[in-house]
Amino acid sequence: MATPAYSQPASPPVIPGTVAVAACFAMAVSYVAVLYAPTVLLRLPPATSLRAFFHRRFVCAAFSSTASVLATASLLRLWSPSNTSKALAVFGIRHDHLLEAVVIPLLLTSLVYAGSFVARLSVMSSWCGRDDGEEGISCTEKLARWMQTSLQDVMVWRNYIVAPFTEELVFRACMIPLLLCGGFKMSYIIFLSPVFFSLAHLNHLFELHQQGCNFVRSLLIVGIQLGYTVIFGWYAAFLFIRTGNLVSPIVAHIFCNMMGLPVFSSTQTRGMASLAFLVGSISFFCVLFPATSPRLYNTRLDGCSCWHGYCRWSGIGTEQHVGNITYFVPVAEMK
């Protein structure tokens, strides 16, 4: 049987593993270092307000992310203007299956926060019924006011917009294709790539010390943050590789930033939060692989020319090597 037209050969550029690791390390360091560029390199005076301080950091993060994308494109030779969509797909920037890439990972991630939902519902019920001296104002109006205030808060933009988008772009969309093309197995990438993600949070130790926090307390706080970022980094890398869509880890990142650490127990819920957390966590691990099946996020898996390895995860075919070109042969073509 002739090979279908869509079964096109894939020949990702092979780069040395040391080059891939060095590039990822450089991106992680530069993502943090550039945040201090305005005062250290450009010799600008310190920001006069918190808003101005974070506006500078937003610009620096955007600059660092753009530089990382250009560096990745250069190393992987993604400069063909005729294949812009395929080049963007390497970074997980796709418009197809967008609804699935948003809704399914969001619902999956929310399972871990089942205890948090129960605890927050308890708090919200008491908050809505509380008399704050604002008689005649409904719970919906209070929520609308809170949302309006939040949109004007620079920390909201930092935690829910700038950080998730730039961090996922650099630490997932840029680093994972580099490591895959460097010859690393996907399982290694999922568990080891968060090391670079954690490096980007070590500056918090320096900043806490500058704010007057003693070293031991600073080390404890940063240690907990690093543990959380490593666990989330595993999950985000897994989502990116399984779905091939950058939107999925971004949505999960925003949601986790909004929710914080999962609630394991709450004295206000009489054990309901603990039960919800247990049931939600078990459900999460039960549906983790089915909910992230590459079949849900890609029209076809056989013959794909992506570098994220959807075909290898699915196991519906095999690869054949001819010279320096790798062909993916669907099961149907092997019979």
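The values are calculated or read from the model by the stated rules, or taken from the named source; none is laboratory data. All values reported here derive from a predicted model rather than from experimental measurement. Quick reminder, even Gly has a Cβ in these numbers, built from the backbone with ideal geometry, and neighbours come from all protein chains shown. Side chains included, ligands, DNA and RNA excluded: accessible areas come from the protein's heavy atoms. Shrake-Rupley method; radii C 1.70, N 1.55, O 1.52, S 1.80 Å.
Here are the numbers for this structure:
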{"read-out": "Test: residue 74 is more than 21 Å from the chain's Cα centre (by Cα) and open to solvent by 80 Å² or more (accessible area, probe 1.4 Å)", "value": "no"}
{"read-out": "Residue 70 within 30 Å of residue 16 (Cβ to Cβ) and modelled with pLDDT of 80 or more", "value": "yes"}
{"read-out": "Unmet criterion (only one of (1) open to solvent by 70 Å² or more (accessible area, probe 1.4 Å); (2) under 23 Å from residue 298 (Cβ atoms); (3) in contact with a helix residue (DSSP H, G or I) (Cβ under 8 Å, 6 or more places away or on another chain); (4) at pLDDT below 90) for residue 85", "value": "(3)"}
{"read-out": "Test: residue 197 is part of a helix (DSSP H, G or I), surrounded by 17 or more Cβ atoms within 10 Å (Cβ to Cβ) and among the aromatic types (Phe, Trp, Tyr)", "value": "yes"}
{"read-out": "Meets criteria (open to solvent by 70 Å² or more (accessible area, probe 1.4 Å) and either closer than 22 Å to residue 25 by Cα or assigned to a helix (DSSP H, G or I) (or both)) for residue 230", "value": "no"}
{"read-out": "Subset of the stretch 88-111 [surrounded by 14 or more Cβ atoms within 10 Å (Cβ to Cβ), under 30 Å from residue 282 (Cβ atoms) and among the aliphatic types (A, V, I, L, M)]", "value": "101, 102, 104, 106, 108, 111"}
{"read-out": "Residue 206 being among the aromatic types (Phe, Trp, Tyr) and part of a helix (DSSP H, G or I)", "value": "yes"}
{"read-out": "Breaking point among (1) in contact with a helix residue (DSSP H, G or I) (Cβ under 7 Å, 6 or more places away or on another chain); (2) closer than 18 Å to residue 232 by Cβ; (3) surrounded by fewer than 15 Cβ atoms within 10 Å (Cβ to Cβ), for residue 161", "value": "(1)"}
{"read-out": "Residue within the stretch 212-227 that is surrounded by fewer than 16 Cβ atoms within 10 Å (Cβ to Cβ) and either touching a Pro at 6+ places or on another chain (Cβ under 6 Å) or on the phi > 0 side of the Ramachandran plot (or both) present", "value": "yes"}
{"read-out": "Count - residues of the stretch 200-220 that are in contact with a His (Cβ under 8 Å, 6 or more places away or on another chain) and either of a type in the set (Lys, Arg) or under 21 Å from residue 35 (Cα atoms) (or both)", "value": "1"}
{"read-out": "Residue within the stretch 200-211 that is touching a residue at least 40 places away in the same chain (Cβ under 8 Å) and under 17 Å from the mean Cα position of the chain (by Cα) present", "value": "yes"}
{"read-out": "The stretch 39-67, residues that are hydrophobic (A, V, I, L, M, F, W, C) and without any contact (Cβ under 8 Å) to a residue 24 or more places away in the chain", "value": "40, 41, 42, 44, 47, 52, 53, 59"}
{"read-out": "Residues of the stretch 240-282 satisfying the condition of being in a loop (DSSP other than H, G, I, E, B) and either at pLDDT 90 or above or on the phi > 0 side of the Ramachandran plot (or both)", "value": "244, 245, 246, 260, 262, 270, 271"}
{"read-out": "Residue check for residue 51: open to solvent by 40 Å² or more (accessible area, probe 1.4 Å), closer than 22 Å to residue 26 by Cα and basic (Lys, Arg)", "value": "no"}
{"read-out": "Filter pass, residue 176 being part of a helix (DSSP H, G or I), over 20 Å from residue 28 (Cβ atoms) and of a type in the set (A, V, I, L, M, F, W, C)", "value": "no"}
{"read-out": "Residue within the stretch 79-91 that is among the β-branched types (Val, Ile, Thr) and free of Cβ contacts under 8 Å to residues at least 60 places away in the same chain present", "value": "yes"}
